Every structure is written in structure tokens, then in C-alpha cells.
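The values are calculated or read from the model by the stated rules, or taken from the named source; none is laboratory data. Remember, it's a predicted structure, so these values are computed and weren't measured experimentally. Here the Cβ positions follow ideal geometry from the backbone for every residue, glycine too, while neighbour counts run over all protein chains shown.
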């Protein structure tokens, strides 16, 4: 009897799934923890004023890069570059390739984390191809392929080395707290915010929670263990058309706008 070989894990197979939304807050926190990125976002982002609009823009970027066509990626690159032009100040610029590499790296790291939660660790045979696919997160902006560590093992070492560079300034800490408490969110998003905030805190390592002054208790840990166990089991009971609806919707909108 021939063994069944599972399909390879790809950036597309991860980002097609709606479970990635649960990792959005943690990805933002990782990005903000690098001072140059944190200053730029806290001082220029319109997320608190227009949260749904910013969510659409971010997800359109992720879907275009990982699931779209070359035309989709060119269109989203033009859109992001226009939005980035005014984002510059003391110690930061949205066109800084090193800062862009960090943002791209957090998206890749977040994809790994969410896949491990909902599916399991990425098989060895898929790790290097998946890592190379993630370079597209930077490629559609100003990041050169040569900036990335050469392989996924080197990336893991680089990621650990970056932890020493992380620092959270008061304005950035206040920005993330405002984002998580939903004080500026429209009424129709508020019911989902307690869960999103809790998952964001849960997915962050202890040292990052401390940098952002985010609380975490033994009760939180017990709640997280239950959610971590049951969420994938409930998620995979959903039909594929529903799990993939957000990705298909955003890509359809992208094609209509071109």
C-alpha cells in the first residue's frame, strides 16, 4: 500500500486560511517593537482612526503577495509606496530597507506560528521552499533578496539576534494598548476585540509582553491552553469555502479595482 504524501506547505496554503486573522495583532506587536518601525507607525498610521480601512489594506497586501498574480503584486507595491512617502522622521523612514526587512520577517514568522497552532510544525521538506517564498513580502517593496539570511536555519538565528534590538517607547506602547482595547474601533468590530486582544497577548513571548506592559496571569494561561486546544478542532469543521472566503473576497476586490 502506497503511503499518502501530504501536499507541501506553502505561503499560499497558509495565507489562504482565515485563521491568519488571529495572528494579526501579534504580528503588529512584533513590528512595533523595533523602534524605527514603532515610531513610524505610532506617528503616521491611521489605524486608530480608520481600523477597518487599515485592516483591508494590510490583508490586501498579504493576499496579493502570497496568492495574487504579478499584476496584483505590482498594484499593491504602488499603493504601499504611495502610502509610505510621508512616513519619515528622526530615526525612521518607511523606505528604510532594514526596517522593511523586519516587517517582512514578522509576517513570515507569524505564518509559521499560526500554521503550527492550527496544523502543526512545518515539515522539514517544506521549510526551505516556504522561507524562500516569504522573501516576496519584501521583494514587492525595497528589500533585496540578499538582505535575507541565506536559509531558514540562518533566519532562526538572525531572528533570535534581533531580540536585543527590540525596545518599546512610551508612545508606541500607548498606541498598541489603544489598538488592543478597541477604544477607537467602530461598534461592529468591538465584539471581536476581546478575543483578538487575548490571542495577541497569548501569542507574544514573555519578554515582548513585558516590553509592552501587557498583563498575563495564571488564569490567562489556563484559558489559553483551552483555546489553543479547541480552536483548531472547531476551525477545521468549517467548510473550505467559508475558511477561504476572506482571501477570495480580497483578491476579487483587488482585480475589480485594477
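Worth pointing out:
- Tally, over the stretch 28-62, of residues that are farther than 20 Å from residue 101 by Cα, part of a loop (DSSP other than H, G, I, E, B) and in contact (Cβ under 8 Å) with a residue 40 or more places away in the chain: 3
- Residue match in the stretch 130-139 (condition: under 19 Å from the mean Cα position of the chain (by Cα), over 14 Å from residue 41 (Cβ atoms) and at pLDDT below 95): yes
- Residue 180 vs. criteria more than 18 Å from the chain's Cα centre (by Cα) and in a helix (DSSP H, G or I): no
- If the condition is being outside any helix (DSSP H, G or I), within 30 Å of residue 192 (Cβ to Cβ) and at pLDDT 95 or above, then the stretch 141-166 contributes only 166.
- Residue match in the stretch 63-71 (condition: at pLDDT 90 or above and in a loop (DSSP other than H, G, I, E, B)): yes
- The residue that is surrounded by the fewest Cβ atoms within 10 Å (Cβ to Cβ), among those in the stretch 199-216 that are in a helix (DSSP H, G or I) and without any contact (Cβ under 8 Å) to a residue 24 or more places away in the chain, is 206.
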